[in-house]
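Data first, discussion second: the structure below is written as structure tokens.
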Amino acid sequence: MLLSIALILIVGFIFSSIFSRFRLPGLLGLILTGIILGPYGLNLLDSKILSISADIRQIALIVILFRAGLTMNISDLKKKGRPAILMTFLPATFEIITVTILAPLLFGISTLEAAILGAVLGAVSPAVVVPRMIGLIESGYGKAKGIPQMILAGASVDDVFVIVLFTSFLGMFQGNRFDFFSLLSVPVAILFGILLGVLVGYIMVKLFKYLHVRDTVKVLLILSVCFLMVSLEDSLKGIFPISGLLGVMALGGIILKLYPLLANRINIKFSKVWSGAEVFLFVLVGSVTDISALSEAGFFVVLLIFISLIFRMLAVFLSVAGTNLTAKEKLFTAGAYTPKATVQAAIGSLPLAMGVPAGSLILSVAVLAIILTAPLGAIFIDLSYKKLLDK
């Protein structure tokens, strides 16, 4: 495991630096590192570290979502109102419906299998989107109109919505009827996740105002509490819906609102933690990307991915219609809402493991979506924000 950690860090930093030198997103180098070192490449990573890969990736997501909360001004988000709410579900819904209609025509699979495929494909990647939106907020691009805040919040809630649909569709395949009450769990999970984060944040702010400890200790305590919130979600699964990751982001937001001085100080600490967490996140995403599944990917798979992205972007335009955003700002919002990575890596292989006939096709589409949209989306954001957004 020590050798694996060394390889992940050293090779990851080298590849990331090479890609950055050519003005390409460093995450491309990190994903490539994972593919090369992982079980579908040279197989140099220890099986023990691969067995806890999902947990390590979740820790990295916790770090970046807490940072997102620390940089997201709640009053700015309130101003967006309707567009911010629509961004949480409308783009994913359009994409899932598009895939459900087109996949049976292109691949001859059933409508239910197509719906499962749409749910796998439908989630945007917070791991790609959130750090870039934090960078925009900190540099001031689009901040006045709340554009990065809106994208950041939408990307976090989008995943909850899509994963509930994915679980429902898989349940239908296994013979269970579609449970419309499972859809009601989406707003409940969102609401109680946010309430949990606000309550915990209020308690921690009170604690830190009276308990004078070093900022490093505060960071460790906050991380521990964040782990507890996500663990609570796992413990209550099937009993009561609650989104631990949204609670993590709300925790950061309430600390920013109630104790801005502390928020700014610990944000510096968390930005340093993210430097290492980012490497592990994207290298391990690459390591679970089964490139052998691409043997089934042909022209129609690529066509399906890009047509579904077009309808996703159309839904984003509908979500922000009637706002004070300019045409350039709307274009940026739509393009920034397209990268896929973390969710597809996490659930792409599940239909195959559960015996869905189109499972290998679904895995192929998930892998190709990561390889195509994560770099393209990241490159679009990195190269266009100065031209399309006002500082």
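Given the Cα-Cα distance of Thr111 and Tyr202 and 0.36 nm per residue of separation, how much length would full extension add, in nm?
Extra length from Thr111 to Tyr202 when fully extended: 28.1 nm.
Taking the alpha-carbon distance from Lys330 and a cut-off under 22 Å, which lysines remain once sequence neighbours fewer than 8 residues away in the same chain are dropped?
List returned: Lys78, Lys79, Lys80, Lys143, Lys145, Lys340, Lys386, Lys387, Lys391.
May I ask for the Kirkwood hydrodynamic radius of region 319-384, worked out over all distinct Cα pairs and given in angstroms to one decimal?
13.5 Å
Principal axis extents for region 1-69, Cα atoms only, whole Å, descending order, please.
32, 31, 19 Å, listed from the longest principal axis down.
Using 0.36 nm times the number of residues separating Asn43 and Lys386, minus their current alpha carbon distance, what extension gain do you get?
119.5 nm is the gain from fully extending Asn43 to Lys386.
How large is ³J(HN,Hα) for each residue in region 210-224, as worked out from phi by the Karplus curve 6.51 cos²θ - 1.76 cosθ + 1.60 (θ = phi - 60°), to whole Hz, x for Gly and Pro?
Result, rounded to whole Hz: 10, 9, 8, 10, 5, 4, 4, 5, 4, 4, 5, 5, 4, 4, 4.
Tell me, what ³J(HN,Hα) does each residue in region 368-377 have, in order and in whole Hz, if you take phi through Karplus 6.51 cos²θ - 1.76 cosθ + 1.60 with θ = phi - 60° and put x for Gly and Pro?
After applying 6.51 cos²θ - 1.76 cosθ + 1.60, I find 5, 4, 5, 5, 8, 7, 4, x, 5, x Hz.
If R0 is 41 Å, what FRET efficiency do you get for Ser51 and Ser271 from their C-beta distance, rounded to 0.05?
0.90
Could you sort the peptides 27-38, 147-158, 81-92 by per-residue average Cβ neighbour count (10 Å cutoff), highest mean leading?
Put in order of decreasing packing, that is 147-158, 27-38, 81-92.
Between Thr167, Thr326, Thr111, find the one with the highest GNM mean-square fluctuation for the chain; connect C-alpha pairs within less than 10 Å.
Sorting by GNM fluctuation, first place goes to Thr326.
For the chain, calculate the relative contact order in percent as a whole number, restricting contacts to Cα pairs under 8 Å that are 6 or more residues apart.
For the chain, the relative contact order is 28 percent.
I'd like the Karplus ³J(HN,Hα) series for region 34-45: coefficients 6.51, -1.76, 1.60, θ = phi - 60°, whole numbers in Hz, and an x wherever there's a Gly or Pro.
Values per residue, Gly and Pro as x: x, 5, 5, 7, x, x, 9, x, 7, 6, 9, 8 Hz.
Multiply the residue separation of Phe227 and Leu294 by 0.36 nm, subtract the distance between their alpha-carbon atoms, and state the gained length in nm to one decimal.
That pair, Phe227 and Leu294, stretches by 20.6 nm at full extension.
Can you run the Rg to Rh ratio on region 100-219? Use alpha carbon positions and the Kirkwood inverse-distance Rh.
Rg/Rh: 1.13.
Considering amide H positions built from the backbone, and no H for Pro or chain starts, which residues 5 or more places from Asp46, or on another chain, come under 5 Å of its amide H?
Amide H neighbours of Asp46, under 5 Å, 5+ apart: Ser4.
Please give the charge dipole size of the chain, origin at the Cα centre, charges +1 on K and R Cβ atoms and -1 on D and E Cβ atoms. Round to the nearest 20 debye.
For the chain, the charge dipole is close to 1520 debye.
Computed from the coordinates by the stated procedures, all read-outs in this text should not be read as laboratory data. Note that this is a predicted model, so its numbers are computed, not measured. Cβ: placed from backbone, ideal geometry, glycine included. Neighbour counts: every protein chain shown.
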